[in-house]
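> Let me begin by handing over the structure; questions about it come next.
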Amino acid sequence: MVGQLVPSPIDPATSGEDFWRRYHEFRRVRQAETRPDEPLRADADEEAHVKRISPFRGEDRYEISDHGKMLGLLHGYYTKPESPEYESNKHLYGADIFVRGADRRRRIASSFLPVVVELMDSSGCTNVSFWADEDSGHRFMKWVGAESKLTEIESRLMFSDIDWREMERWVEEGPRRSPDTRLEIIDGRLPENDWEAFSSQLSGMLNTIPFEDLDHGEIVVTAQTMRDFYERLELSNEVQHTVLTREPEGTISGITDVMWAPYRSAFIEQRFTGVRPDARGRGLGKWIKAAMLLHLRELYPGTRWIATGNAGSNAPMLKINRALGFKPYRTGNEYQIARDRLAQRFTAR
Ligand SMILES: CC(C)(COP(=O)(O)OP(=O)(O)OC[C@H]1O[C@@H](n2cnc3c(N)ncnc32)[C@H](O)[C@@H]1OP(=O)(O)O)[C@@H](O)C(=O)NCCC(=O)NCCS
(Lines give C-alpha, C1' and ligand atoms only; values in the text may rest on other atoms or scores of the structure.)
Protein backbone atom coordinates (compact mmCIF):
# COMPACT_ATOMS: atom_id res chain seq x y z
CA MET A 1 0.00 0.00 0.00
CA VAL A 2 1.32 3.41 -0.91
CA GLY A 3 1.44 5.80 2.07
CA GLN A 4 -0.81 8.86 1.92
CA LEU A 5 0.65 11.99 0.29
CA VAL A 6 3.93 10.26 -0.51
CA PRO A 7 4.66 10.08 -4.23
CA SER A 8 5.66 6.63 -5.27
CA PRO A 9 7.30 5.69 -8.60
CA ILE A 10 5.40 3.63 -11.15
CA ASP A 11 7.16 1.01 -13.24
CA PRO A 12 4.64 0.04 -15.95
CA ALA A 13 6.70 -3.00 -16.96
CA THR A 14 6.37 -4.69 -13.56
CA SER A 15 3.17 -3.17 -12.16
CA GLY A 16 0.58 -5.74 -11.21
CA GLU A 17 -3.18 -5.98 -11.47
CA ASP A 18 -3.82 -3.74 -8.44
CA PHE A 19 -1.94 -0.90 -10.02
CA TRP A 20 -3.76 -1.16 -13.37
CA ARG A 21 -7.13 -1.34 -11.63
CA ARG A 22 -6.53 1.93 -9.74
CA TYR A 23 -4.88 3.55 -12.75
CA HIS A 24 -7.86 2.84 -15.03
CA GLU A 25 -10.34 3.97 -12.37
CA PHE A 26 -8.37 7.20 -11.98
CA ARG A 27 -8.22 7.95 -15.70
CA ARG A 28 -12.00 7.44 -15.92
CA VAL A 29 -12.50 9.94 -13.11
CA ARG A 30 -10.22 12.39 -14.91
CA GLN A 31 -12.00 11.93 -18.22
CA ALA A 32 -15.44 12.39 -16.64
CA GLU A 33 -14.23 15.58 -14.96
CA THR A 34 -12.36 17.14 -17.84
CA ARG A 35 -13.43 15.59 -21.17
CA PRO A 36 -16.88 14.09 -20.49
CA ASP A 37 -17.88 14.02 -24.18
CA GLU A 38 -14.77 12.16 -25.37
CA PRO A 39 -14.50 8.37 -25.13
CA LEU A 40 -11.41 6.75 -23.61
CA ARG A 41 -9.09 4.14 -25.08
CA ALA A 42 -9.81 0.54 -24.07
CA ASP A 43 -7.84 -0.54 -20.96
CA ALA A 44 -5.69 -3.06 -22.84
CA ASP A 45 -4.72 -0.46 -25.48
CA GLU A 46 -3.92 2.10 -22.80
CA GLU A 47 -1.69 -0.43 -21.01
CA ALA A 48 0.13 -1.14 -24.26
CA HIS A 49 0.73 2.60 -24.72
CA VAL A 50 1.97 3.12 -21.17
CA LYS A 51 4.24 0.05 -21.32
CA ARG A 52 5.79 0.90 -24.67
CA ILE A 53 9.26 2.38 -24.32
CA SER A 54 9.83 5.08 -26.90
CA PRO A 55 13.31 5.21 -28.44
CA PHE A 56 13.15 9.02 -28.46
CA ARG A 57 11.11 10.18 -25.48
CA GLY A 58 11.79 9.32 -21.83
CA GLU A 59 8.83 9.09 -19.47
CA ASP A 60 8.42 9.13 -15.67
CA ARG A 61 5.28 8.36 -13.66
CA TYR A 62 4.58 8.79 -9.94
CA GLU A 63 1.35 8.23 -8.05
CA ILE A 64 -0.09 9.23 -4.70
CA SER A 65 -2.56 6.57 -3.61
CA ASP A 66 -4.37 5.75 -0.42
CA HIS A 67 -6.21 2.55 0.52
CA GLY A 68 -5.98 1.26 -3.04
CA LYS A 69 -7.31 4.47 -4.57
CA MET A 70 -5.19 6.73 -6.76
CA LEU A 71 -5.57 10.35 -5.66
CA GLY A 72 -2.97 12.03 -7.84
CA LEU A 73 -0.73 11.20 -10.78
CA LEU A 74 2.40 12.85 -12.16
CA HIS A 75 3.47 12.11 -15.73
CA GLY A 76 6.76 13.59 -16.83
CA TYR A 77 8.57 13.41 -20.16
CA TYR A 78 11.79 14.55 -21.76
CA THR A 79 13.81 14.12 -24.95
CA LYS A 80 16.26 11.19 -25.00
CA PRO A 81 19.80 11.62 -26.36
CA GLU A 82 18.83 9.16 -29.15
CA SER A 83 16.27 11.68 -30.46
CA PRO A 84 17.14 13.88 -33.46
CA GLU A 85 15.58 16.72 -31.40
CA TYR A 86 17.91 16.21 -28.43
CA GLU A 87 20.36 19.07 -29.01
CA SER A 88 17.77 21.84 -28.92
CA ASN A 89 15.30 20.14 -26.54
CA LYS A 90 17.57 18.56 -23.94
CA HIS A 91 16.92 21.28 -21.33
CA LEU A 92 13.13 20.89 -21.50
CA TYR A 93 11.03 18.72 -19.21
CA GLY A 94 7.24 18.37 -19.50
CA ALA A 95 5.01 17.56 -16.53
CA ASP A 96 1.33 16.82 -16.14
CA ILE A 97 -0.23 16.58 -12.68
CA PHE A 98 -3.81 15.62 -11.98
CA VAL A 99 -5.52 15.30 -8.61
CA ARG A 100 -9.04 13.90 -8.41
CA GLY A 101 -11.64 16.60 -7.69
CA ALA A 102 -12.67 15.32 -4.26
CA ASP A 103 -9.05 15.29 -3.01
CA ARG A 104 -7.88 18.74 -4.04
CA ARG A 105 -6.40 21.41 -1.76
CA ARG A 106 -4.69 18.74 0.37
CA ARG A 107 -1.23 19.59 -0.99
CA ILE A 108 -1.18 16.48 -3.15
CA ALA A 109 -0.08 18.24 -6.34
CA SER A 110 2.55 20.26 -4.51
CA SER A 111 4.04 17.12 -2.98
CA PHE A 112 4.97 16.04 -6.53
CA LEU A 113 7.07 19.18 -7.09
CA PRO A 114 10.27 17.98 -5.32
CA VAL A 115 9.99 14.81 -7.42
CA VAL A 116 9.75 16.94 -10.59
CA VAL A 117 13.01 18.70 -9.62
CA GLU A 118 14.75 15.34 -8.97
CA LEU A 119 13.54 13.96 -12.29
CA MET A 120 14.70 17.10 -14.10
CA ASP A 121 18.11 16.68 -12.50
CA SER A 122 18.40 13.06 -13.53
CA SER A 123 17.50 13.85 -17.14
CA GLY A 124 19.58 17.06 -17.22
CA CYS A 125 16.62 19.42 -17.75
CA THR A 126 16.54 23.02 -16.55
CA ASN A 127 13.09 24.26 -17.61
CA VAL A 128 9.74 22.57 -17.02
CA SER A 129 6.42 23.06 -18.85
CA PHE A 130 2.92 22.41 -17.52
CA TRP A 131 -0.34 22.59 -19.45
CA ALA A 132 -3.49 24.01 -17.81
CA ASP A 133 -6.94 24.61 -19.23
CA GLU A 134 -8.97 24.60 -16.04
CA ASP A 135 -9.33 27.23 -13.38
CA SER A 136 -7.76 24.98 -10.71
CA GLY A 137 -4.73 24.44 -12.97
CA HIS A 138 -4.26 28.18 -13.62
CA ARG A 139 -4.47 28.90 -9.90
CA PHE A 140 -2.03 26.16 -9.02
CA MET A 141 0.39 27.46 -11.66
CA LYS A 142 0.15 30.93 -10.13
CA TRP A 143 0.97 29.46 -6.72
CA VAL A 144 3.91 27.54 -8.21
CA GLY A 145 5.17 30.76 -9.81
CA ALA A 146 5.20 29.42 -13.37
CA GLU A 147 4.56 31.88 -16.21
CA SER A 148 2.12 31.42 -19.08
CA LYS A 149 4.16 31.34 -22.30
CA LEU A 150 1.69 30.12 -24.92
CA THR A 151 -2.07 30.33 -25.36
CA GLU A 152 -3.66 27.55 -27.35
CA ILE A 153 -7.23 27.51 -28.62
CA GLU A 154 -9.00 24.20 -29.21
CA SER A 155 -11.64 24.67 -31.90
CA ARG A 156 -14.32 22.28 -33.04
CA LEU A 157 -16.09 21.95 -36.35
CA MET A 158 -19.46 20.20 -36.14
CA PHE A 159 -19.78 17.95 -39.18
CA SER A 160 -23.43 18.89 -39.58
CA ASP A 161 -22.44 22.57 -39.92
CA ILE A 162 -20.05 22.09 -42.87
CA ASP A 163 -21.01 23.94 -46.05
CA TRP A 164 -20.19 21.11 -48.46
CA ARG A 165 -20.94 23.17 -51.57
CA GLU A 166 -18.36 25.72 -50.42
CA MET A 167 -15.83 22.90 -49.82
CA GLU A 168 -16.38 21.68 -53.38
CA ARG A 169 -15.74 25.23 -54.60
CA TRP A 170 -12.45 25.39 -52.66
CA VAL A 171 -11.38 22.10 -54.24
CA GLU A 172 -12.31 23.33 -57.73
CA GLU A 173 -10.43 26.58 -57.14
CA GLY A 174 -7.18 24.76 -56.09
CA PRO A 175 -6.04 23.49 -59.52
CA ARG A 176 -7.36 26.64 -61.20
CA ARG A 177 -4.96 28.79 -59.16
CA SER A 178 -2.12 26.22 -59.23
CA PRO A 179 -2.53 24.25 -62.47
CA ASP A 180 0.81 22.43 -62.17
CA THR A 181 0.29 21.31 -58.57
CA ARG A 182 -0.98 17.78 -57.87
CA LEU A 183 -3.08 16.74 -54.89
CA GLU A 184 -2.47 13.36 -53.20
CA ILE A 185 -4.53 11.57 -50.55
CA ILE A 186 -2.87 8.89 -48.40
CA ASP A 187 -4.81 6.66 -45.99
CA GLY A 188 -2.63 5.10 -43.30
CA ARG A 189 1.17 4.94 -43.50
CA LEU A 190 2.90 6.90 -46.23
CA PRO A 191 4.92 4.66 -48.57
CA GLU A 192 8.30 4.10 -46.93
CA ASN A 193 10.25 5.46 -49.92
CA ASP A 194 8.54 8.84 -49.32
CA TRP A 195 9.54 9.08 -45.63
CA GLU A 196 12.84 10.93 -46.15
CA ALA A 197 11.42 13.65 -48.42
CA PHE A 198 8.18 13.95 -46.47
CA SER A 199 9.84 14.17 -43.06
CA SER A 200 12.25 16.88 -44.16
CA GLN A 201 9.45 19.01 -45.67
CA LEU A 202 7.24 18.43 -42.64
CA SER A 203 10.04 19.43 -40.23
CA GLY A 204 10.57 22.67 -42.14
CA MET A 205 6.87 23.50 -42.00
CA LEU A 206 6.40 22.48 -38.36
CA ASN A 207 9.13 24.88 -37.34
CA THR A 208 7.15 27.80 -38.78
CA ILE A 209 4.38 27.28 -36.17
CA PRO A 210 4.25 30.26 -33.78
CA PHE A 211 5.16 29.26 -30.23
CA GLU A 212 4.74 32.76 -28.75
CA ASP A 213 7.07 33.11 -25.71
CA LEU A 214 7.52 29.41 -25.10
CA ASP A 215 11.06 28.14 -24.62
CA HIS A 216 11.00 25.35 -27.20
CA GLY A 217 13.43 23.34 -29.27
CA GLU A 218 13.43 22.44 -32.92
CA ILE A 219 10.93 19.87 -34.22
CA VAL A 220 12.83 17.23 -36.18
CA VAL A 221 10.86 14.55 -38.00
CA THR A 222 12.92 11.79 -39.64
CA ALA A 223 12.18 8.44 -41.27
CA GLN A 224 13.02 6.83 -37.89
CA THR A 225 10.64 9.05 -35.90
CA MET A 226 7.93 8.35 -38.48
CA ARG A 227 8.39 4.60 -38.00
CA ASP A 228 8.12 5.07 -34.21
CA PHE A 229 4.98 7.20 -34.66
CA TYR A 230 3.30 4.59 -36.89
CA GLU A 231 4.17 1.79 -34.45
CA ARG A 232 2.53 3.76 -31.65
CA LEU A 233 -0.63 4.29 -33.71
CA GLU A 234 -0.91 0.58 -34.34
CA LEU A 235 -1.16 -0.16 -30.60
CA SER A 236 -4.75 1.14 -30.67
CA ASN A 237 -5.49 0.77 -34.41
CA GLU A 238 -5.44 4.52 -34.99
CA VAL A 239 -5.37 5.63 -38.60
CA GLN A 240 -3.73 8.73 -40.01
CA HIS A 241 -5.05 10.32 -43.21
CA THR A 242 -2.85 12.75 -45.09
CA VAL A 243 -3.57 15.14 -47.94
CA LEU A 244 -0.60 16.77 -49.64
CA THR A 245 0.20 18.88 -52.65
CA ARG A 246 3.22 18.24 -54.86
CA GLU A 247 4.88 20.69 -57.23
CA PRO A 248 5.93 19.60 -60.77
CA GLU A 249 9.57 18.96 -59.71
CA GLY A 250 8.35 16.71 -56.84
CA THR A 251 8.56 19.09 -53.87
CA ILE A 252 5.82 18.61 -51.28
CA SER A 253 4.32 22.10 -50.92
CA GLY A 254 1.35 21.56 -48.58
CA ILE A 255 0.45 18.98 -45.93
CA THR A 256 -2.57 18.36 -43.73
CA ASP A 257 -3.24 15.29 -41.62
CA VAL A 258 -5.96 13.96 -39.34
CA MET A 259 -6.24 11.07 -36.93
CA TRP A 260 -9.12 8.65 -36.61
CA ALA A 261 -9.39 6.03 -33.88
CA PRO A 262 -11.91 3.21 -33.47
CA TYR A 263 -12.51 4.00 -29.78
CA ARG A 264 -13.71 7.52 -30.68
CA SER A 265 -15.01 6.85 -34.14
CA ALA A 266 -17.33 9.89 -34.29
CA PHE A 267 -14.60 12.35 -33.41
CA ILE A 268 -11.66 13.24 -35.66
CA GLU A 269 -8.50 15.04 -34.62
CA GLN A 270 -7.24 17.56 -37.15
CA ARG A 271 -3.49 17.70 -36.65
CA PHE A 272 -1.00 19.78 -38.57
CA THR A 273 -1.67 21.88 -41.66
CA GLY A 274 1.22 23.64 -43.36
CA VAL A 275 2.13 25.22 -46.67
CA ARG A 276 5.74 25.93 -47.60
CA PRO A 277 6.46 29.67 -47.27
CA ASP A 278 7.33 29.90 -50.99
CA ALA A 279 3.99 28.30 -51.98
CA ARG A 280 1.74 30.45 -49.79
CA GLY A 281 -0.88 32.85 -51.16
CA ARG A 282 -2.28 30.61 -53.91
CA GLY A 283 -5.01 28.78 -52.03
CA LEU A 284 -3.16 25.53 -51.27
CA GLY A 285 -4.17 25.68 -47.57
CA LYS A 286 -7.86 25.91 -48.49
CA TRP A 287 -7.51 23.23 -51.17
CA ILE A 288 -5.93 20.59 -48.89
CA LYS A 289 -8.30 21.32 -45.98
CA ALA A 290 -11.43 21.12 -48.15
CA ALA A 291 -10.18 17.99 -49.97
CA MET A 292 -9.59 16.37 -46.57
CA LEU A 293 -13.12 17.17 -45.37
CA LEU A 294 -14.69 15.78 -48.55
CA HIS A 295 -12.56 12.64 -48.16
CA LEU A 296 -13.59 12.24 -44.50
CA ARG A 297 -17.25 12.57 -45.44
CA GLU A 298 -16.84 9.56 -47.72
CA LEU A 299 -14.83 7.49 -45.22
CA TYR A 300 -16.60 8.40 -41.98
CA PRO A 301 -20.10 9.76 -42.67
CA GLY A 302 -21.00 9.27 -38.99
CA THR A 303 -18.47 11.90 -37.81
CA ARG A 304 -19.86 14.34 -35.24
CA TRP A 305 -17.02 16.80 -34.95
CA ILE A 306 -13.41 17.58 -35.83
CA ALA A 307 -11.18 19.16 -33.19
CA THR A 308 -7.99 21.14 -33.73
CA GLY A 309 -5.59 23.23 -31.66
CA ASN A 310 -3.91 26.48 -32.70
CA ALA A 311 -1.75 29.05 -30.97
CA GLY A 312 -3.92 32.07 -30.16
CA SER A 313 -1.50 34.15 -32.26
CA ASN A 314 -1.70 31.95 -35.38
CA ALA A 315 -3.86 34.37 -37.38
CA PRO A 316 -3.60 32.70 -40.85
CA MET A 317 -4.52 29.23 -39.55
CA LEU A 318 -7.31 30.56 -37.35
CA LYS A 319 -8.67 32.51 -40.33
CA ILE A 320 -8.93 29.38 -42.51
CA ASN A 321 -10.39 27.41 -39.61
CA ARG A 322 -13.01 30.07 -38.90
CA ALA A 323 -13.92 30.15 -42.61
CA LEU A 324 -14.42 26.37 -42.46
CA GLY A 325 -16.76 26.80 -39.50
CA PHE A 326 -14.44 25.79 -36.61
CA LYS A 327 -15.59 27.48 -33.39
CA PRO A 328 -13.48 28.04 -30.27
CA TYR A 329 -14.27 25.34 -27.72
CA ARG A 330 -11.63 25.58 -25.00
CA THR A 331 -8.52 27.68 -24.33
CA GLY A 332 -5.46 26.55 -22.41
CA ASN A 333 -2.02 27.79 -21.53
CA GLU A 334 1.43 26.30 -21.49
CA TYR A 335 3.33 27.48 -18.43
CA GLN A 336 7.07 27.25 -17.77
CA ILE A 337 9.33 27.66 -14.77
CA ALA A 338 13.10 27.23 -14.46
CA ARG A 339 14.30 24.32 -12.32
CA ASP A 340 16.02 26.57 -9.76
CA ARG A 341 13.00 28.80 -9.29
CA LEU A 342 10.78 25.75 -8.86
CA ALA A 343 13.15 24.32 -6.24
CA GLN A 344 13.18 27.68 -4.39
CA ARG A 345 9.39 27.85 -4.43
CA PHE A 346 8.79 24.66 -2.56
CA THR A 347 11.70 25.03 -0.14
CA ALA A 348 10.46 28.56 0.71
CA ARG A 349 6.97 27.34 1.74
C1 LIG B 1 -4.09 21.83 -10.38
C2 LIG B 1 -4.22 20.62 -9.45
C3 LIG B 1 -3.21 19.55 -9.92
C4 LIG B 1 -3.87 21.07 -8.01
O5 LIG B 1 -3.92 19.93 -7.16
P6 LIG B 1 -4.04 20.11 -5.55
O7 LIG B 1 -3.56 18.84 -4.94
O8 LIG B 1 -5.41 20.54 -5.21
O9 LIG B 1 -3.00 21.29 -5.26
P10 LIG B 1 -2.35 21.66 -3.86
O11 LIG B 1 -3.27 21.30 -2.74
O12 LIG B 1 -0.98 21.07 -3.80
O13 LIG B 1 -2.26 23.24 -4.02
C14 LIG B 1 -1.13 24.01 -3.66
C15 LIG B 1 -1.55 25.48 -3.66
O16 LIG B 1 -1.93 25.88 -4.98
C17 LIG B 1 -3.02 26.81 -4.92
N18 LIG B 1 -4.22 26.21 -5.52
C19 LIG B 1 -4.35 24.95 -6.00
N20 LIG B 1 -5.59 24.76 -6.51
C21 LIG B 1 -6.26 25.92 -6.35
C22 LIG B 1 -7.58 26.34 -6.65
N23 LIG B 1 -8.48 25.51 -7.23
N24 LIG B 1 -7.94 27.62 -6.35
C25 LIG B 1 -7.07 28.46 -5.75
N26 LIG B 1 -5.80 28.09 -5.43
C27 LIG B 1 -5.40 26.85 -5.71
C28 LIG B 1 -3.29 27.07 -3.44
O29 LIG B 1 -2.53 28.18 -3.03
C30 LIG B 1 -2.76 25.77 -2.82
O31 LIG B 1 -2.34 25.94 -1.47
P32 LIG B 1 -3.46 26.16 -0.29
O33 LIG B 1 -4.54 25.16 -0.52
O34 LIG B 1 -2.68 25.93 0.96
O35 LIG B 1 -3.93 27.57 -0.43
C36 LIG B 1 -5.65 20.05 -9.47
O37 LIG B 1 -6.58 21.08 -9.17
C38 LIG B 1 -6.03 19.43 -10.78
O39 LIG B 1 -5.83 18.23 -10.95
N40 LIG B 1 -6.55 20.22 -11.75
C41 LIG B 1 -6.83 19.72 -13.10
C42 LIG B 1 -5.54 19.36 -13.83
C43 LIG B 1 -4.62 20.56 -14.07
O44 LIG B 1 -5.06 21.62 -14.43
N45 LIG B 1 -3.32 20.40 -13.87
C46 LIG B 1 -2.43 21.54 -14.14
C47 LIG B 1 -1.06 21.32 -13.77
S48 LIG B 1 -0.26 20.16 -14.86
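> Of the residues Thr14, Thr79, which single one is free of Cβ contacts under 8 Å to residues at least 12 places away in the same chain and of a type in the set (Val, Ile, Thr)?
Of Thr14, Thr79, the one residue that is free of Cβ contacts under 8 Å to residues at least 12 places away in the same chain and of a type in the set (Val, Ile, Thr) is Thr14.
> Here's another thing I want to ask about it. Within the range 276-349, which helices (runs of 4 or more DSSP H) (wholly inside it) include 1 or more residues that are among the polar types (S, T, N, Q), open to solvent by less than 40 Å² (accessible area, probe 1.4 Å) and in contact (Cβ under 8 Å) with a residue 24 or more places away in the chain?
Helices (runs of 4 or more DSSP H) meeting the threshold: 315-324.
> In the range 20-38, how many residues are open to solvent by less than 40 Å² (accessible area, probe 1.4 Å) and free of Cβ contacts under 8 Å to residues at least 24 places away in the same chain?
Result for the range 20-38: 3.
> When only residues in the range 146-161 that are open to solvent by less than 60 Å² (accessible area, probe 1.4 Å) and more than 17 Å from Gly332 (Cα to Cα) count, which is nearest to the ligand (Cβ to nearest atom)?
Here the residue is Leu157.
> Inside the range 33-60, can you point out the residues that are touching a helix residue (DSSP H, G or I) at 6+ places or on another chain (Cβ under 8 Å) and basic (Lys, Arg)?
Arg41, Arg52
> Next question. Is it the case that some residue within the range 25-40 is in contact with a strand residue (DSSP E or B) (Cβ under 6 Å, 6 or more places away or on another chain), within 30 Å of Thr303 (Cα to Cα) and not in a strand (DSSP E or B)?
Yes, the conditions are met somewhere in the range 25-40.
> A further question on this structure: If Glu134 satisfies all but one of (1) closer than 25 Å to Glu25 by Cα; (2) in contact (Cβ under 8 Å) with a residue 40 or more places away in the chain; (3) assigned by TED's automatic domain parsing to the domain that holds Gln31; (4) not small (Gly, Ala, Ser), what's the number of the condition it fails?
(3)
> Ok, one more. Any idea which residue in the range 39-59 is nearest to Thr222 (Cα to Cα), counting only those that are open to solvent by less than 30 Å² (accessible area, probe 1.4 Å) and not hydrophobic (A, V, I, L, M, F, W, C)?
Taking the candidates together, the pick is Ser54.
> Something else: What number goes with the only condition from (1) without any contact (Cβ under 8 Å) to a residue 24 or more places away in the chain; (2) under 30 Å from Gly58 (Cβ atoms); (3) within 10 Å of the ligand (Cβ to nearest atom) that Phe112 does not pass?
Just one mismatch for Phe112, condition (1).
> If you take the residues of the range 73-126 that are of a type outside the set (S, T, N, Q), closer than 26 Å to Ala223 by Cβ and part of a strand (DSSP E or B), which of them is most open to solvent (accessible area, probe 1.4 Å)?
Tyr77
The values are calculated or read from the model by the stated rules, or taken from the named source; none is laboratory data. This one's a predicted model, so the numbers in the text were calculated from it and none came from an experiment. Here the Cβ is made from the backbone with ideal geometry for all residues, glycine too, and neighbour counts use every protein chain on show. Note: accessible area is taken over every heavy atom of the protein model, side chains too, but ligands, DNA and RNA are not part of it. Shrake-Rupley method; radii C 1.70, N 1.55, O 1.52, S 1.80 Å.
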